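Provided herewith is a single structure, encoded as structure tokens, for subsequent inquiry.
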Amino acid sequence: MAPKRGGKVVTQTKKKPEKVVNPLFEKRPKLFGIGGALPPKRDLHRFVKWPHVVRIQRKRRILKQRLKVPPALNQFTKTLDKNLATSLFKMLLKYRPEDKAAKKERLLKRAQSEAEGKTSEVKKPIVVKYGLNHVTYLIEQNKAQLVVIAHDVDPIELVVWLPALCRKMEIPYCIVKGKSRLGAIVHKKTAAVLCLTTVKNEDKLEFSKILEAIKANFNDKYDEYRKKWGGGIMGSKSQAKTKAKEKVLAKEAAQRMS
């Protein structure tokens, strides 16, 4: 008989080197069953039932992105840049009004001097003015030199007309982040508006530089901001849908042309 073709060729297999097991380190795999080892920590962020206040904040933020925001409200998203804001707040901190304890001490000293028969001339201190009605009166009387508005006043209707009034009276104004930051300057929880009527002679040069920068960022760009709408940013899913529709329409238009 002829030898069979296509027989299996026996090849020598290389023996794998055996792993050397260290007897000191015993392999003990974890068992995550009932009564076993604790499972590793997972990110359960999406499954957390957040407090009602937090949910409202997040929904409001998304709504502000989705809905079209008119220019009068959209201008409050354009705030002062960080470097200029820090120099402005340093300036404002120099002119902080006195707190209750300092006022009490000053009045006591004044009463003691009056009781002794001394008459002391009291100079009006240069301080930051606050309070919406008071600041509005100062703007109308053209006494204000700089108006600082908070971006997160609620309801926003309280201050939405202030930029237009400042521009009409040709008074520099700026919008900064945080009504709480403004409130801290005047010893309050929050403040919607602050105002400077004058500064000391040693601060006039620095103050003039700040005013120039603020005018360039806000007063000169008022007409630009007055026409610019905000919002209208849709979610990732709806953006993908609109892109797909546009592609289909572009394809159909190309076919018609050909």
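If you count only protein heavy atoms with a 1.4 Å probe, what accessible area per residue comes out for the chain, rounded to a whole Å²?
83
How would you order 93-103, 138-148, 205-215 from highest to lowest mean count of nearby Cβ atoms within 10 Å?
Ranking, from highest mean packing down: 138-148, 205-215, 93-103.
Taking H as built 1.01 Å from N, whose amide H comes closer than 5 Å to the amide H of G231, not counting residues under 5 places away?
Hits under the 5 Å cutoff: V69.
What whole-number distance in Å separates the alpha-carbon centres of segment 37-74 and segment 83-113?
40
Which angle from 0 to 90°, rounded to the nearest 10, does the C-alpha axis of helix 236-257 make with the longest principal axis of the chain?
70
Whose amide H sits under 5 Å from the amide H of Y173, counting only residues 5 or more places off or on another chain, with H placed in the peptide plane?
V147, N219
Additional query: Which entry is the computed semi-axes √(5λ) of the Cα gyration tensor in Å for this structure: [x] 29, 18, 17; [y] 67, 35, 19; [z] 28, 23, 18?
Among [x] 29, 18, 17; [y] 67, 35, 19; [z] 28, 23, 18, the one calculated here is [y].
May I pose another question? Just read off the accessible area of E224 with the full protein assembly in place, 1.4 Å probe, to the nearest 10 Å².
So the heavy atoms of E224 present about 100 Å² to solvent.
In a shell of Cβ-Cβ distance under 14 Å around P51, excluding P51 itself, what net charge do Lys and Arg (+1) and Asp and Glu (-1) give?
With Lys, Arg at +1 and Asp, Glu at -1, the neighbours total +4.
Let me ask something else. Can you give me the C-alpha center-to-center distance between segment 221-258 and segment 135-164, rounded to a whole angstrom?
Computed from Cα coordinates, the inter-centre distance equals 37 Å.
In the chain, what percent of the accessible surface is made up of carbon and sulfur (1.4 Å probe, ligands and nucleic acids excluded)?
Summing carbon and sulfur atoms, their accessible area is 56 percent of the total for the chain.
Kindly write out, for segment 124-137 in residue order, the coupling ³J(HN,Hα) from the Karplus curve 6.51 cos²θ - 1.76 cosθ + 1.60 (θ = phi - 60°), rounded to whole Hz, with x marking Gly and Pro.
Rounded to whole hertz, the list is 6, x, 8, 9, 6, 9, 9, x, 4, 5, 5, 5, 4, 4.
Which value does Rg/Rh take for segment 216-257 over its C-alpha atoms, Rh per Kirkwood?
On the Cα set of segment 216-257, Rg over Rh gives 1.34.
Given a 1.4 Å probe and the protein chains all in place, what does the accessible area of D43 round to, in Å² to the nearest 10?
About 130 Å², rounded to the nearest 10.
The values are calculated or read from the model by the stated rules, or taken from the named source; none is laboratory data. Computed from a predicted structure; not experimentally measured. Don't worry about glycine lacking a Cβ; one is built from the backbone with ideal geometry, like all the others, and counts go over all protein chains shown. The protein model used for the area step is the full one, side chains on, heavy atoms only, and it has no ligands, DNA or RNA in it. Shrake-Rupley method; radii C 1.70, N 1.55, O 1.52, S 1.80 Å.
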